Amino acid sequence: MSSSTASAPHAKLHKDSREVEWQLACADLGSVRRWLSDHATIDGLILEPRSTQQIFDTYLDTDDWRIHRAGFALRVRSESGTTEVTLKSLHSASTEFADRRELTETLDSTDSEAIRESIGPVGTRVCAVSGARTLLPLFELRTSRQRFAIRRRDEEQQLGEIALDETVISRPLGEPQASMLRVEVEALTDAHGPLRSLVKVLRSNCALEAASDSKYSLGLKSVGLAPPTQDCALTTIDASMTIVEVAMVNLRRYMAAWLLHEPGARLGDDPEELHELRIAGRRLDAILRQFQAFLPPEFLKVRRTLKTVLNALGHARDLDVALSELQDFSRELPKADRSSMEPLKEHLLAERSRARAQMLSVLDAIWVQQSLQELISLLGKPVAGSEALAADLAQHASPRLIRQRFRKLRKRADILGADSSTEEYHEVRGQVKKLRYALEAVGALYGKSATKMTRALHRWQESLGVQQDAAVATRRLNALAGANPTGIPPETVFLMGRLAERHVAAGRQARKRCASGYRKVRQKWKKLRTKFDQSTAGEQIAAP
């Protein structure tokens with residue numbers, strides 16, 4: 001298991017480690033207890049009885065299951081006068097045994113508010129994920145745990161521990177609902193081989209089977225709780241659908257993506273979660289813009305909210321990208337120079353922390369929460385739209401929308417040249433993105449022609465994006481170097497210059513690929529336009 005992280009001020013314990021254990025279902029702990037008492041030594045391993053623990057656990061989450069959706073279970077544990085709060089990953093890195101990340105810190109009380117007041121790795125993450133939502137108890141576990149230490153003969157270091165658990169599951173402050181018997185073998189070092197052999201012996205001699213559910217999942221089932229599936233269910237698009245129906249399918253799809261990735265973006269451990277959340281927000285805004293003539297006015301009110309939120313997400317995302325690029329650059333440096341990049345890294349991390357605080361403040365704003373909730377409610381209802389326009393099949397109405405978007409792109413792309421500014425290229429990139437999102441919303445109606453066009457747009461957008469990202473990164477580095485910031489020594493500034501040159505070179509190469517990208521898009525557009533013409537002709541033939 002990994003070592004604990006350093007403790008922050010005023011905290012008794014902060015731990016960020018991997019919990020590795022075999023969880024075994026048992027029908028009779030008494031027989032296991034007797035067998036262990038008769039076998040103090042197994043294959044060179046000494047089993048030593050330890051004191052029995054009385055453990056009281058409470059699992060918590062918000063009313064909209066944000067902790068669960070972020071991929072964790074939140075547990076407050078009281079044992080022998082000590083209270084600890086733990087975030088435990090719901091997903092195991094191994095199929096052979098449970099291998100999960102576990103973050104733990106001590107608390108001064110069992111009150112859920114003590115978690116919010118904590119400055120440790122659990123408290124800060126729980127506050128970020130839950131926002132203004134109250135933490136509610138889900139269920140309680142009372143466990144009597146008899147323990148056996150595992151060590152090699154003639155060695156003091158403990159390899160692991162066997163726990164015989166008798167657990168009662170209850171509703172919060174309520175009557176017991178169920179009970180379970182478990183044998184758990186936990187690894188306390190990276191030497192898993194001896195424990196793997198011990199588990200095989202235990203299973204063979206004590207009639208134990210691998211547990212199919214964790215205590216957390218069994219606790220939820222026992223009290224009748226289950227994280228809900230997304231209300232914005234995904235559906236497919238087909239040629240029989242009206243333009244309003246297609247709009248609703250897309251909005252539900254990207255609202256589901258937003259709900260999926262928001263907790264992880266709030267958590268902040270995986271930059272890709274923020275990236276995916278930002279994409280979901282952009283797509284929602286793009287669909288609302290594309291189909292605004294067909295949707296009721298109340299749908300369009302959320303666009304102001306989305307623009308504010310996307311702006312905050314963008315600042316945080318830019319710093320995630322900057323840190324990733326710095327990491328790549330540092331790997332290419334000689335080892336002797338890598339430490340000189342640490343001051344820049346610390347500066348970017350501080351900026352990222354401020355950007356994330358602003359992002360969370362925006363996400364937690366009451367008006368933002370209300371606006372997003374209103375959109376979710378609207379998506380849960382059938383929408384007819386305008387009687388005259390809703391009757392239009394999407395297959396017939398969409399080509400006009402896509403053609404309008406392509407004309408806007410072509411108007412800007414045709415005047416691009418070698419001397420065009422970065423801002424002009426960035427404007428074209430924005431138009432490429434809007435056309436791509438618009439086409440993807442209805443692409444299933446037009447087959448391979450739409451798919452190939454979308455791919456060409458995506459590749460062109462990526463080239464334009466590299467150029468823009470390089471320009472943003474270069475401006476940031478130049479501005480920082482020109483400000484003579486404290487804490488950044490001359491040797492770091494020198495390497496920042498090299499990093500800026502690297503960005504400039506990447507942008508220059510990306511610009512060279514832009515003309516080719518536009519040419520391929522025009523080629524794919526000709527074929528897609530033919531497909532549109534066929535669709536429109538079909539509409540005219542069907543008309544009286």
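The values are calculated or read from the model by the stated rules, or taken from the named source; none is laboratory data. Computed from a predicted model, the values in this text were never measured in an experiment. Reconstructed Cβ throughout: ideal geometry from the backbone, glycine too, with neighbour counts over all protein chains shown. Ligands, DNA and RNA are excluded from the accessible area calculation, which covers all protein heavy atoms including side chains. Shrake-Rupley method; radii C 1.70, N 1.55, O 1.52, S 1.80 Å.
Of all residues in region 302-342, which are under 17 Å from residue 372 (Cβ atoms) and either of a type in the set (Val, Ile, Thr) or at pLDDT below 95 (or both)? Step through it out loud before you land on a result.
Quick first cut of region 302-342, residues under 17 Å from residue 372 (Cβ atoms) only: 302-313.
302, 305, 308, 309 - these are the residues of region 302-342 that are under 17 Å from residue 372 (Cβ atoms) and either of a type in the set (Val, Ile, Thr) or at pLDDT below 95 (or both).
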Identify, please: which residue in region 413-428 is in a helix (DSSP H, G or I) and either hydroxyl-bearing (Ser, Thr, Tyr) or under 26 Å from the mean Cα position of the chain (by Cα) (or both) and is, among those, surrounded by the fewest Cβ atoms within 10 Å (Cβ to Cβ)? 422
Every pair of residues 6+ apart whose Cβ atoms lie under 9 Å, when the first sits in region 441-466 and is over 12 Å from residue 532 (Cα atoms) and in a helix (DSSP H, G or I) while the second is open to solvent by 10 Å² or more (accessible area, probe 1.4 Å) and aromatic (Phe, Trp, Tyr): 453/525; 456/525; 460/518; 464/425
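Would you pick out the residues in region 165-208 that are assigned to a strand (DSSP E or B) and open to solvent by 30 Å² or more (accessible area, probe 1.4 Å)? Give the steps one after another, and end with the answer.
At the first step, the residues of region 165-208 found to be assigned to a strand (DSSP E or B) are 165-170, 176-187.
Correct list: 166, 168, 176, 177, 178, 179, 181, 186.
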For region 287-331, enumerate the residues that are open to solvent by less than 40 Å² (accessible area, probe 1.4 Å), of a type in the set (Ser, Thr, Tyr) and closer than 30 Å to residue 499 by Cα. 330
Give the residues of region 301-318 that are touching a Lys or Arg at 6+ places or on another chain (Cβ under 9 Å) and more than 15 Å from residue 360 (Cα to Cα), sorted by residue number. 303, 318
Counting only residues in region 142-158 that are within 21 Å of residue 38 (Cβ to Cβ) and in contact with a Ser or Thr (Cβ under 9 Å, 6 or more places away or on another chain), the one surrounded by the fewest Cβ atoms within 10 Å (Cβ to Cβ) is identified as 153
Just checking, which of 74, 29, 47, 90 is in contact with a Phe, Trp or Tyr (Cβ under 8 Å, 6 or more places away or on another chain), surrounded by 14 or more Cβ atoms within 10 Å (Cβ to Cβ) and within 19 Å of residue 205 (Cα to Cα)? 47
Flag for residue 256 being closer than 30 Å to residue 293 by Cβ, of a type in the set (A, V, I, L, M, F, W, C) and open to solvent by less than 10 Å² (accessible area, probe 1.4 Å): no
Confirm whether residue 77 is at pLDDT below 95 and either in contact with a Ser or Thr (Cβ under 9 Å, 6 or more places away or on another chain) or in a strand (DSSP E or B) (or both). no
Given the residues 99, 64, which is the only one that is within 26 Å of the chain's Cα centre (by Cα) and within 15 Å of residue 263 (Cβ to Cβ)? 64
